[in-house]
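A.B. asks: First the structure, then my questions, so here it is.
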There are 2 protein chains.
Amino acid sequence: MNLPSKHLEDLVDHFASLPGVGRKTALRLVLNLLKRDEEELGAFSRSLGEIKQKVCSCKECGNISDADICGICSQTSRKHELICVVEDIRDILAIESTQQYYGLYHVLGGVISPMEGVGPNDLNIDALVDRVQNGEVKEVILALNASMEGDTTNFYLYRKLADFDLNITTLSRGVAVGTELQYTDELTLGRSIVNRMPFDMNLVRK
Amino acid sequence: MNLPSKHLEDLVDHFASLPGVGRKTALRLVLNLLKRDEEELGAFSRSLGEIKQKVCSCKECGNISDADICGICSQTSRKHELICVVEDIRDILAIESTQQYYGLYHVLGGVISPMEGVGPNDLNIDALVDRVQNGEVKEVILALNASMEGDTTNFYLYRKLADFDLNITTLSRGVAVGTELQYTDELTLGRSIVNRMPFDMNLVRK
């Protein structure tokens, strides 16, 4: 794709460097931006240029935040003895939207992935151990994605935390709510039979 | 989706304002950007902020260009008596990639669409009439998309240009190369029988 303008090409290249955005999509986005007024583009450009300086990590949980301590960690009504370990901020948003969790979080910032050159030292793991060591933490919930990298990281975290006096739990795996059994994969269905749980009338009523 | 940072929220909103980008995708893009170094973000931000000033329209054809006259209009080897009318720069890229066209272009910047509030005066139509009036144009090819808006615009342009001494042509419609007849829609197949053309041995060999 040979664009007729060097500046256009530059901006298209920048957009095309984003994950899941190809050059054709990038061009479509840039053409849309060209139709807007200068003021709007200026605001977008400033917001983009300043984001790294303006945004910081919460000193407690590693979540993205405007202040030193994020909105969740500073809520006194939350259960501070409960920490849910997640990969990134999107997992926090997903769990928060369930309205079923009232503890704190710990954001690793990724998972151990030798293929992508991410080792334990690249993740926010030492801070988690510090929190467990110094605080009144009673339970750590490992809520990483059920991928090979997620499992590896779970295993590493378990080893790191096993010596402390706390419960280490993980999300329950099983048949998704509203799914038909015949379409559930064997692995999930097999595990859900092995790990069957007491029938609970409350869950049926909901 | 309640993001923990105002600045993050701002940038996500800007990305989510792009066509085809929802808030979840926007957040994914911004999280990816946060992992880059300041220098790269600065270059992206500058490129975005300056695009409107740096890029201009070609005074001849309306295409996006760095100079007053774009690369295509300034090529003397092209047939200046042939003008292909297109909606935007992406259509030029598509036609150029066929390597079958050696004339000039005229970029309308859209099509007539009462639904979206785009009338003939919002498009680059007067400049086309000027070019036909003043130049040595012998043929105008209407190469707009085969949508209702495209057909309306074709009709409007035809009325505007009918009085001049020139050929007005349009792209041939018919069965796409490599398509199976049974999967072609009736409208296209019907038209391609009505507008059947002489068998050409050269097209078979290619």
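A.B. asks: Return the residues of the stretch B:29-52 that are at the interface with another protein chain (Cβ under 7 Å from one of its Cβ atoms) and either of a type in the set (Lys, Arg) or in a loop (DSSP other than H, G, I, E, B) (or both); say none if nothing qualifies.
C.D. replies: Selection gives B:LYS52 alone.
A.B. asks: Take A:VAL129 and tell me if it is out of contact with any Pro (no Cβ under 8 Å at 6 or more places or on another chain) and either crowded, with 16+ Cβ neighbours inside 10 Å or in contact (Cβ under 8 Å) with a residue 60 or more places away in the chain (or both).
C.D. replies: So A:VAL129 does not fit the description; no.
A.B. asks: Can you find, within the stretch A:1-27, the residue that is surrounded by the fewest Cβ atoms within 10 Å (Cβ to Cβ) among those that are at the interface with chain B (Cβ under 7 Å from one of its Cβ atoms) and assigned to a helix (DSSP H, G or I)?
C.D. replies: For the stretch A:1-27, the residue satisfying everything is A:LYS6.
A.B. asks: Within the stretch B:73-116, track down each residue that is among the charged types (D, E, K, R) and closer than 23 Å to B:SER147 by Cα.
C.D. replies: Of the stretch B:73-116, the ones among the charged types (D, E, K, R) are B:78-79, B:81, B:87-88, B:90-91, B:96, B:116.
B:GLU87, B:ASP88, B:ARG90, B:ASP91, B:GLU96, B:GLU116, listed by residue number.
A.B. asks: Are there any strands (runs of 3 or more DSSP E) wholly within the stretch A:102-173 with 2 or more residues that are in contact with a His (Cβ under 8 Å, 6 or more places away or on another chain), and if so which?
C.D. replies: A:103-107
A.B. asks: To continue, here is another question. Here is a list of conditions, (1) touching a residue at least 12 places away in the same chain (Cβ under 8 Å); (2) under 30 Å from A:MET197 (Cβ atoms), and A:CYS73 meets all of them except one; can you say which number that is?
C.D. replies: With respect to (1) touching a residue at least 12 places away in the same chain (Cβ under 8 Å); (2) under 30 Å from A:MET197 (Cβ atoms), A:CYS73 is out only on (2).
Coordinate-derived values only; no laboratory data. Please read these numbers as outputs of a predicted model, since none were measured by experiment. Neighbour counts run over all protein chains shown; Cβ positions are idealised from the backbone, glycine included.
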